[in-house]
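The values are calculated or read from the model by the stated rules, or taken from the named source; none is laboratory data. Small disclaimer: the values here were computed from a predicted structure and weren't measured. All Cβ positions, glycine included, derive from the backbone under ideal geometry; neighbour counts span all protein chains shown.
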Amino acid sequence: MTTKQEDLELKQKIELAKEKELEKADSHYTATNIQVLEGLEAVRKRPGMYIATTSAAGLHHLVWEIVDNSIDEALAGYCDTIQVMVNPGNTITVIDNGRGIPVDIVAKTGTSAVETVYTILHAGGKFGEGGGYKVSGGLHGVGASVVNALSEWLEVRVHRDGGDYLLRFENGGHPVGHLTRLGDAEGTGTKVTFKPDPTIFTETTEFNYETIRDRLRQMAFLNGGVKIVVSDLRGETPISETFLYQGGIKEYVEYINKNKMPIFPEIIYCEGRDEGVFAEVALQYNDGYSANVYSFCNNIHTHEGGTHEEGFRMAVTRVINNYARANKFIKENEENLTSDDAREGLTAIISVKHPNPQYEGQTKTKLGNSEVRKIVSGVVGDQLERFLLENPRIARIIMDKVVLAANAREAARNARENIRRKGALDITTLPGKLADCSSKDAARCELYIVEGNSAGGSAKNGRDRETQAILPLRGKILNVEKAQLKRIFANAEIGNMITAIGGGIMPEFDVNKIRYHKIVIMTDADVDGSHIRILLLTFFFRYMRPLIESGYVYIAQPPLYKVEYRSKQYYCYNDEQLEVLKSKLNLPPQYPFQRYKGLGEMDAQQLWETTMDPKGRKMLKVTMEDAIEADAVFTDLMGDSVDPRKEFIAKNAKFVKNLDI
Ligand code: 28F
């Protein structure tokens with residue numbers, strides 16, 4: 001029996017215990033909260049550790065990271081539509097119709113799953129137990145919390161369990177209260193809006209719509225059946241584009257070959273799953289000479305290739321040789337076809353989804369997992385062989401093509417030998433037109449390829465002789481897309497470039513031998529200048545691709561206008577700058593200014609000051625971020641259809657994205 005007194009004491013004890021529990025929970029919460037903020041603070045202190053760069057590329061990484069979460073939800077089978085909007089003020093909104101981030105409390109952190117995912121580093125890592133795994137690459141898979149840490153503010157809105165939930169973060173990831181249920185909602189999904197922190201992204205906080213659109217188009221190709229709607233709402237007339245490819249990478253190959261000449265209409269497709277790895281390949285041959293094989297792991301472009309590409313190459317070479325021998329396309333006494341022969345004119349996409357990818361290489365874009373080689377080689381080996389057996393008519397077209405390639409390889413080798421003998425590939429005899437620099441340290445050296453002899457003269461006189469070399473080009477260079485290899489090697493302007501740069505040409509191009517780490521294309525700001533620039537870029541893309549991949553190719557930015565005011569000279573590089581300058585100096589609307597029609601109008605001193613002096617110049621870096629897109633563009637321009645070329649030249653080279661100062 002207990003007395004009333006004892007009863008009361010017990011009650012008090014229970015209350016006390018409860019309070020202690022609460023305190024414990026609270027202090028636990030406070031402790032984790034502090035850790036959380038320390039984690040996000042670490043991201044803000046050293047953003048480079050998490051997103052590699054805080055330049056324009058890093059800014060765009062934020063978008064990829066949020067979109068990756070939607071893609072993962074789609075790959076798990078719960079989402080089929082993703083919307084991405086670039087809003088006025090350069091904020092980004094991403095919406096998906098997945099299950100919605102869970103809203104209940106996570107035991108470990110004591111807060112909602114939404115808050116956990118957005119405040120704990122790597123929290124979003126593994127997806128639910130339903131067999132799905134986080135497959136999208138992300139920025140090395142660092143998670144949404146990094147985006148939050150690097151945002152001035154970020155809002156997550158979730159529709160789930162019949163509710164409409166909101167959580168807002170400010171100042172680099174500090175939650176404003178906790179997840180709040182605003183009311184009822186039908187359906188499910190997640191919506192995230194964020195504004196990148198300008199104190200982190202000091203270079204630029206302006207999103208490039210083309211960059212976002214191109215990457216999301218690629219995402220739509222790589223994840224067939226997922227609808228991605230991209231909009232730019234910043235301008236006066238909003239832009240919106242929808243990407244939905246039921247055929248996935250098959251449609252990707254079709255897209256790349258769109259302006260080339262496929263030699264048969266079918267896209268060959270192989271797929272398989274083994275050891276938890278999903279591998280798929282789509283391919284088609286066109287009548288061109290280059291190989292366009294692009295590989296991906298978990299939606300990341302593996303620029304440096306890796307085991308999936310090796311497996312693919314092995315299988316294609318093996319199957320083609322076997323078929324060619326069995327069907328007497330090559331005779332018994334003849335050599336095997338090389339893998340280069342088998343890939344001439346080949347467009348292919350290799351895409352693997354791997355639960356535990358290992359990346360290697362200088363830029364960590366080379367797939368290292370060794371089991372993948374066998375998996376891809378097996379899938380392609382079996383299914384390509386079968387395709388050839390079942391489609392003898394197409395098999396014959398392919399065989400004719402690869403045998404022709406083998407013969408042409410022989411002819412090209414002779415042609416190359418010829419120029420080598422003539423000295424064009426021999427870097428000891430530099431072209432007479434080249435005004436070389438005195439330094440031999442390639443990392444410091446720059447080669448200016450300049451349109452026209454008169455501008456070439458100014459550049460020679462204005463340059464820094466120690467580090468800047470000048471190669472003037474006379475008139476237009478050969479259109480390498482259309483020309484035969486033999487003619488390309490025989491062309492004097494091209495020969496000069498090959499010799500000056502010093503790395504040879506593909507397939508033997510050696511980026512370690514090049515004599516300059518900056519190749520700067522300097523042409524007039526008119527249609528002819530654009531054309532020459534594009535011809536040069538086509539040449540580099542086809543014959544010195546590693547130059548672009550390594551980020552060694554630049555485009556000079558000469559000013560468009562000069563304004564003289566109170567015996568001072570001001571240069572403007574675009575119309576906007578001119579307007580700003582006019583209003584800054586309070587100039588009347590009719591105040592005269594000089595419009596530069598060509599580089600030749602500048603004297604040596606002006607050219608140096610405005611365009612060549614490393615201290616003040618602006619240059620555009622040519623990137624291979626989307627080599628595939630670039631390839632489609634080059635073909636557009638240089639291929640047989642004339643209209644897209646004209647249109648494109650008028651619009652300028654759009655794959656030139658990154659501003660490098
Ligand atoms: C606009 C950005 O972030 N979409 C997302 C989901 C769905 C789930 C999830 C996300 C659970 C515990 C990690 C739902 N139901 N779009 C998005 N959609 N995250 S992110 O779960 C996160 C995990 O911690 C989800 C059942 N399982 C998973």
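One residue alone among Asn292, Asn322 is under 22 Å from Arg217 (Cβ atoms), in contact (Cβ under 8 Å) with a residue 40 or more places away in the chain and not hydrophobic (A, V, I, L, M, F, W, C), and that residue is Asn292.
Scanning region 185-200 for residues being more than 14 Å from the ligand (Cβ to nearest atom) and more than 27 Å from the chain's Cα centre (by Cα) gives a total of 2. All told, Tyr289 meets the bar of being out of contact with any strand residue (DSSP E or B) (no Cβ under 7 Å at 6 or more places or on another chain) and under 20 Å from Ala395 (Cα atoms).
Could you run through region 364-390 and say how many residues are assigned to a loop (DSSP other than H, G, I, E, B) and either under 15 Å from Ser295 (Cα atoms) or more than 27 Å from the chain's Cα centre (by Cα) (or both)?
The initial filter retains those residues of region 364-390 that are assigned to a loop (DSSP other than H, G, I, E, B), namely 364-365, 368-370.
After this cut, where a residue has to be either under 15 Å from Ser295 (Cα atoms) or more than 27 Å from the chain's Cα centre (by Cα) (or both) as well, the list is 364-365, 368-369.
Result for region 364-390: 4.
Every condition in (1) in contact (Cβ under 8 Å) with a residue 60 or more places away in the chain; (2) out of contact with any Phe, Trp or Tyr (no Cβ under 9 Å at 6 or more places or on another chain) holds for Val63 except the one numbered (2).
Answer with yes or no whether Glu210 is farther than 22 Å from Val372 by Cβ, of a type in the set (D, E, K, R) and outside any strand (DSSP E or B). Spell out the reasoning first.
On the way: farther than 22 Å from Val372 by Cβ: yes; of a type in the set (D, E, K, R): yes; outside any strand (DSSP E or B): yes.
Spelling it out, Glu210 is indeed farther than 22 Å from Val372 by Cβ, of a type in the set (D, E, K, R) and outside any strand (DSSP E or B).
In the condition set (1) modelled with pLDDT under 90; (2) in contact with a Lys or Arg (Cβ under 6 Å, 6 or more places away or on another chain); (3) not aromatic (Phe, Trp, Tyr), Ser550 is compliant with all but (2). Number of residues in region 47-70 that are assigned to a helix (DSSP H, G or I), more than 9 Å from the ligand (Cβ to nearest atom) and not hydroxyl-bearing (Ser, Thr, Tyr) equals 13. Set side by side, the residues Leu154, Leu167, Leu182 differ, and just one is away from the ligand (no atom under 16 Å from the Cβ), part of a strand (DSSP E or B) and either crowded, with 17+ Cβ neighbours inside 10 Å or on the phi < 0 side of the Ramachandran plot (or both), which is Leu182.
One residue is enough: does region 513-520 have a residue meeting the conditions more than 28 Å from Ser439 (Cβ to Cβ) and surrounded by 18 or more Cβ atoms within 10 Å (Cβ to Cβ)?
From region 513-520, those more than 28 Å from Ser439 (Cβ to Cβ) are none; that's our starting set.
No: region 513-520 contains no residue that is more than 28 Å from Ser439 (Cβ to Cβ) and surrounded by 18 or more Cβ atoms within 10 Å (Cβ to Cβ).
Tell me, which strands (runs of 3 or more DSSP E) wholly within region 213-320 include 2 or more residues that are surrounded by fewer than 17 Cβ atoms within 10 Å (Cβ to Cβ) and modelled with pLDDT under 95? Let's see the steps before the verdict.
Working: elements: 227-232, 239-243, 268-274, 277-285, 292-297.
Output list is empty.
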